[in-house]
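The next block holds one structure in the form of structure tokens; read it before the comments.
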Amino acid sequence: QVQVVESGGGLVQAGGSLRLSCAASESIFAFNGMGWYRQAPGKQRELVAVRTRGGLTNYADFTQGRFIISKDNAKDTVYLQMNSLKPEDTAVYYCKADLRGAYYWGQGTQVTVSS
């Protein structure tokens with residue numbers, strides 16, 4: 001059973017930074033892509049950033065160059081570096097892995113940005 005586990009969330013002041021980690025139970029080379037999504041209270045889950053196995057990336061407009069998705073092959077981990085955080089970035093952040101069309105979600109990690 002494929003598992004992805006997020007970590008790194010927490011409480012941060014506006015303007016601060018956090019780095020989220022998503023550790024996979026299999027080699028990340030096996031995945032077509034991995035990405036980060038978020039869900040704020042009362043809102044639908046939305047894309048934050050994705051990265052394909054080939055290295056292509058796609059970011060939501062709201063990231064505005066503040067977020068960077070990266071990976072560490074040796075650790076089978078994908079990261080989301082978030083800078084210049086805003087209160088509206090407050091949400092549960094989820095990692096999703098695409099393994100040949102089958103999607104696997106983590107349990108989520110809470111990010112809270114205080115004003």
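Provide a single number: the residues in region 89-106 that are open to solvent by 20 Å² or more (accessible area, probe 1.4 Å) and in contact with a Phe, Trp or Tyr (Cβ under 8 Å, 6 or more places away or on another chain). The total comes to 4.
The number of residues in region 73-88 that are under 11 Å from the mean Cα position of the chain (by Cα) and open to solvent by 50 Å² or more (accessible area, probe 1.4 Å) comes to 1.
Among the residues of region 3-13, are any open to solvent by 30 Å² or more (accessible area, probe 1.4 Å) and either acidic (Asp, Glu) or touching a helix residue (DSSP H, G or I) at 6+ places or on another chain (Cβ under 8 Å) (or both)? No, because not a single residue in region 3-13 is open to solvent by 30 Å² or more (accessible area, probe 1.4 Å) and either acidic (Asp, Glu) or touching a helix residue (DSSP H, G or I) at 6+ places or on another chain (Cβ under 8 Å) (or both).
Please give the strands (runs of 3 or more DSSP E) falling wholly within region 21-72 in which 3 or more residues are open to solvent by 60 Å² or more (accessible area, probe 1.4 Å). Correct list: 57-59.
The values are calculated or read from the model by the stated rules, or taken from the named source; none is laboratory data. Keep in mind that what you see is a predicted model, and the values were worked out from it rather than measured. For neighbour counting, all protein chains shown are included, and Cβ atoms are generated from backbone atoms with ideal geometry for every residue, glycine included. Just so you know, the surface numbers come from the protein's heavy atoms only, side chains and all, with ligands and any DNA or RNA stripped out. Shrake-Rupley method; radii C 1.70, N 1.55, O 1.52, S 1.80 Å.
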